[in-house]
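Below is one structure; the comments refer to it alone.
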Amino acid sequence: MKIAVLPGDGIGPEIVAQAVKVLKALSSDGLKVEMEEAPIGGAGYDAAGDPLPEATLKLAREADAVLLGAVGGPRYDTLDRPLRPERGLLRIRKELNLFANLRPALMYAELASASTLKPEVVSGLDIMIVRELTGDIYFGQPRGIETRGGERVGFNTMVYSESEVRRVAEVAFGIAMKRNRKLCSVEKANVLECSELWKEVVIEVSKKYPEVELSHMYVDNAAMQLVRNPKQFDVIVTGNIFGDILSDEASMLTGSIGMLPSASLDQNNKGMYEPIHGSAPDIAGKDVANPLATILSVSMMLRYTFNQEAAAKRIESAVEKVLAQGCRTADIYTEGTRKVSCSGMGDAVVAAL
Ligand code: NAD
């Protein structure tokens, strides 16, 4: 398993170091892991004048999977747009053709009180949102702002081809097969032709997966159902803009941004794995960040790219165990639990493994 390790900026290096510890612990137990580090984002700009240096992209292309920390920071906010850290991230996703974004929202029993929703609504919650990542209104042409009839008009184009819908639907059905075999396709087919086609293609793909129970929901209803009764969902598949909004909504059901991993996959299940949060410059370098989202990203990597279900489960159980032991980083700390540092949490997970 060849893994490109891209720590990035801010808390990136601290949290990635903990995930690397976990991978090393697993490799001393027989998992064959090869890791190589390279700079991206602001660190890429500092090292090579480019947020995605050529050598970093080459390493990522040659690897089977990429582990990323986070990019960005106030120091880089005044750079020209193409040199900004976030551009490095957008470019690597595009260069590697990572079209399927997997965002789980999983509630750990010990953290149920961190949610703003009632514990009975969220306890046991386990949703996977599959968001299409390289198409839709974010990339559609034409787009722009122009003057028409004496006033400015802004416009974008929502567009999906059959093949774009089919490949992300295939990924979502595949994931549903590994979970509870329920898939909900979210669109706005009552208003948008683009969504009408989306729905038709998802139904076509469903013929190959008779074991999966497929349902359809309009996006406005889905937004409502996610806070009303989120446990009705297993896997949700949706387009880029709807997925952007719904996955943020779903992540907040679970309380802390420091707990949630993500994966972005290509056609061959090669993937980039990263926490959903950013580089948290406000706490960078203080050894207080929560590394669990990054550690859980490694678990997703083992499951989705390397098909190592047992090792993935081992990491998840270790995380559950340290939470049950009362270990908490500052962001999830509550009275009666034990506050640990970022590296302390990494050590605790390794010990629990
Ligand atoms: P952020 O996610 O970095 O931080 C938001 C808040 O959550 C902060 O208070 C931060 O301290 C806290 N937080 C985030 N991760 C945490 C963790 N693991 N443990 C404990 N607390 C944590 O979002 P932001 O402040 O809007 O952005 C900061 C920088 O990150 C910006 O430069 C932004 O562009 C970048 N960013 C990068 C990514 C990415 O790399 N994928 C994503 C979002 C934002």
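The values are calculated or read from the model by the stated rules, or taken from the named source; none is laboratory data. Note that the coordinates shown come from a computational prediction; the quantities given were computed from them, not determined experimentally. Reconstructed Cβ throughout: ideal geometry from the backbone, glycine too, with neighbour counts over all protein chains shown. Just so you know, the surface numbers come from the protein's heavy atoms only, side chains and all, with ligands and any DNA or RNA stripped out. Shrake-Rupley method; radii C 1.70, N 1.55, O 1.52, S 1.80 Å.
In this structure, is Val171 touching a residue at least 60 places away in the same chain (Cβ under 8 Å), within 26 Å of the chain's Cα centre (by Cα) and not in a strand (DSSP E or B)? Yes, satisfied. Examine the stretch 137-150 for a residue that is away from the ligand (no atom under 15 Å from the Cβ), at pLDDT below 90, surrounded by 14 or more Cβ atoms within 10 Å (Cβ to Cβ) and not assigned by TED's automatic domain parsing to the domain that holds Ala324, and state whether such a residue exists. Scanning the stretch 137-150, I find at least one residue that is away from the ligand (no atom under 15 Å from the Cβ), at pLDDT below 90, surrounded by 14 or more Cβ atoms within 10 Å (Cβ to Cβ) and not assigned by TED's automatic domain parsing to the domain that holds Ala324, so the answer is yes.
For the stretch 29-42, state whether one or more residues are within 16 Å of the ligand (Cβ to nearest atom), in a loop (DSSP other than H, G, I, E, B), in contact (Cβ under 8 Å) with a residue 24 or more places away in the chain and open to solvent by 10 Å² or more (accessible area, probe 1.4 Å).
yes
Would you point out the residue of the stretch 126-136, among those that are of a type in the set (Val, Ile, Thr) and crowded, with 24+ Cβ neighbours inside 10 Å, that is nearest to Lys182 (Cα to Cα)? Among them, the one singled out is Ile127. Scanning the stretch 291-313 for residues that are part of a loop (DSSP other than H, G, I, E, B) and within 15 Å of Lys21 (Cβ to Cβ) yields a total of 1. Among the residues making up the stretch 11-28, those that are within 16 Å of the ligand (Cβ to nearest atom) and small (Gly, Ala, Ser) are Gly12, Ala17, Ala19. Against the numbered list (1) free of Cβ contacts under 8 Å to residues at least 40 places away in the same chain; (2) more than 24 Å from Lys94 (Cβ to Cβ); (3) open to solvent by less than 70 Å² (accessible area, probe 1.4 Å), Asp220 comes up short only at (3). The condition of being modelled with pLDDT under 95 and in a helix (DSSP H, G or I) holds for only one of Asp347, Asp282, Asp331, that being Asp331. Restricting the stretch 299-350 to residues that are open to solvent by 10 Å² or more (accessible area, probe 1.4 Å), without any contact (Cβ under 8 Å) to a residue 24 or more places away in the chain and of a type in the set (A, V, I, L, M), the residue that is nearest to the ligand (Cβ to nearest atom) is Val340. Out of the residues in the stretch 151-175 that are in contact with a strand residue (DSSP E or B) (Cβ under 7 Å, 6 or more places away or on another chain) and aromatic (Phe, Trp, Tyr), which is surrounded by the fewest Cβ atoms within 10 Å (Cβ to Cβ)? Checking each candidate, the answer is Phe155.
Report yes if some residue within the stretch 259-275 is free of Cβ contacts under 8 Å to residues at least 40 places away in the same chain and open to solvent by 10 Å² or more (accessible area, probe 1.4 Å); otherwise report no.
Taking the stretch 259-275 and keeping what is free of Cβ contacts under 8 Å to residues at least 40 places away in the same chain, we get 268-269.
Retained after the next criterion (residues that are open to solvent by 10 Å² or more (accessible area, probe 1.4 Å)): 268-269.
There is at least one residue in the stretch 259-275 that is free of Cβ contacts under 8 Å to residues at least 40 places away in the same chain and open to solvent by 10 Å² or more (accessible area, probe 1.4 Å).
Taking the stretch 276-298 as the range and being without any contact (Cβ under 8 Å) to a residue 60 or more places away in the chain and under 19 Å from Val5 (Cα atoms) as the test, the residues that pass are Leu292, Leu296.
A quick yes/no check of all residues on (1) touching a helix residue (DSSP H, G or I) at 6+ places or on another chain (Cβ under 9 Å); (2) within 15 Å of the ligand (Cβ to nearest atom); (3) in contact (Cβ under 8 Å) with a residue 24 or more places away in the chain; (4) open to solvent by less than 50 Å² (accessible area, probe 1.4 Å):
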{"position": "Leu59", "(1), (2), (3), (4)": "no, no, yes, yes"}
{"position": "Ala70", "(1), (2), (3), (4)": "yes, yes, yes, yes"}
{"position": "Arg75", "(1), (2), (3), (4)": "yes, yes, yes, no"}
{"position": "Arg81", "(1), (2), (3), (4)": "yes, yes, no, no"}
{"position": "Ala100", "(1), (2), (3), (4)": "yes, no, yes, yes"}
{"position": "Pro104", "(1), (2), (3), (4)": "yes, no, yes, yes"}
{"position": "Thr116", "(1), (2), (3), (4)": "yes, no, yes, no"}
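Candidates in the stretch 83-98 are the residues that are more than 12 Å from the ligand (Cβ to nearest atom) and among the hydrophobic types (A, V, I, L, M, F, W, C); of these, the one that is farthest from Ile236 (Cα to Cα) is Leu83. Filtered by the rule that a residue be under 20 Å from Gly42 (Cα atoms) and either buried (at least 24 other Cβ atoms within 10 Å of the Cβ) or among the hydrophobic types (A, V, I, L, M, F, W, C) (or both), the stretch 280-290 gives Ala280, Ile283, Ala284, Ala289.
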